[in-house]
Amino acid sequence: MSEAKREALLVAASELIAQLGTGASTAKIAKAAGVSEGTLFTYFPSKDDLLNELFVEIEEGLAESILAPYPVNASARDRLFMVWSRLIDWGLKHSTERKALRQLKVSDRVTAESRKRCHTMFQESRAMVERCLAGHSAPERVAFYIDTILFDLADITMNAIAAKPKEREATRQAGFDLFWKGSAA
């Protein structure tokens, strides 16, 4: 089996899922990848296998970008801003994957096993964010701030930057300030 064909299938799946959702047909995905539908099933036994592999691969790329080393001496706010910036930069650089990931996260075709695998990839970065919010946020709200507010506000910020790229840094900072100040509530 060719790694190039597998990668072409994942890229095509990402593009079509970003556009059409998880209902994108395997025939369209295979055609966009330049292979037959039978070839798709050589690499991925089912559409669900393809969707789960794509989900894990996208999450893995995001996790790797967030997990780069952080300065130990930086303040909690500065470390959190670095997480924020890496999240924003990844989303802007990988807009198709970000849109596909949004579709995959709400799909019941992504298995609990795939979700658990991805959750594990983010444990270290999540623990660091929790430490950054300790003493700043009410402990009972930290999970909500991370699981919902951080990612949704980052998505809004990325959309605003895409709409007005010349205001990128001001928008990045405004989004972070909103998160930081709001998480102190």
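The values are calculated or read from the model by the stated rules, or taken from the named source; none is laboratory data. Remember, predicted model here, so these are calculated numbers, not experimental data. Don't worry about glycine lacking a Cβ; one is built from the backbone with ideal geometry, like all the others, and counts go over all protein chains shown.
Inside region 126-148, can you point out the residues that are polar (S, T, N, Q) and surrounded by 12 or more Cβ atoms within 10 Å (Cβ to Cβ)? Of everything in region 126-148, just one residue is polar (S, T, N, Q) and surrounded by 12 or more Cβ atoms within 10 Å (Cβ to Cβ), namely 137.
Taking region 160-185 as the range and being surrounded by 12 or more Cβ atoms within 10 Å (Cβ to Cβ), closer than 21 Å to residue 94 by Cβ and not small (Gly, Ala, Ser) as the test, the residues that pass are 161, 167, 168, 171, 172, 176, 179.
For region 103-125, a residue qualifies if it is farther than 27 Å from residue 19 by Cα and either assigned by TED's automatic domain parsing to the domain that holds residue 14 or surrounded by 19 or more Cβ atoms within 10 Å (Cβ to Cβ) (or both), and exactly one does: 125.
Could you check region 19-34 and list, in sequence order, the residues that are surrounded by fewer than 19 Cβ atoms within 10 Å (Cβ to Cβ) and on the phi < 0 side of the Ramachandran plot? Lay out the reasoning, then the answer.
Going through region 19-34, the residues surrounded by fewer than 19 Cβ atoms within 10 Å (Cβ to Cβ) turn out to be 19-21, 23, 25-28, 31-32, 34.
Once the filter is applied, which keeps residues that are surrounded by fewer than 19 Cβ atoms within 10 Å (Cβ to Cβ) and on the phi < 0 side of the Ramachandran plot, region 19-34 yields 19, 20, 23, 25, 26, 27, 28, 31, 32.
Put simply, of 100, 76, 27 the only residue that is in the same structural domain as residue 147 (by TED's automatic domain parsing), farther than 24 Å from residue 161 by Cβ and of a type outside the set (Lys, Arg) is 76.
Restricted to region 1-86, the set of helices (runs of 4 or more DSSP H) holding at least 2 residues that are out of contact with any Phe, Trp or Tyr (no Cβ under 8 Å at 6 or more places or on another chain), within 22 Å of residue 115 (Cβ to Cβ) and without any contact (Cβ under 8 Å) to a residue 12 or more places away in the chain comprises 47-66. Taking the conditions exactly as written (aromatic (Phe, Trp, Tyr) and surrounded by 17 or more Cβ atoms within 10 Å (Cβ to Cβ)), does residue 151 satisfy them or not? No; evaluated as a whole, the condition is false for this residue. Only one of the numbered conditions (1) surrounded by 17 or more Cβ atoms within 10 Å (Cβ to Cβ); (2) closer than 17 Å to residue 133 by Cα; (3) acidic (Asp, Glu) is not met by residue 78, and that is (1).
Within region 87-98, the set of residues being in a helix (DSSP H, G or I) and either among the aromatic types (Phe, Trp, Tyr) or without any contact (Cβ under 8 Å) to a residue 40 or more places away in the chain (or both) comprises 89, 90, 93. Of the numbered criteria (1) closer than 13 Å to residue 87 by Cα; (2) in contact with a Ser or Thr (Cβ under 6 Å, 6 or more places away or on another chain), the one residue 145 fails is (1).
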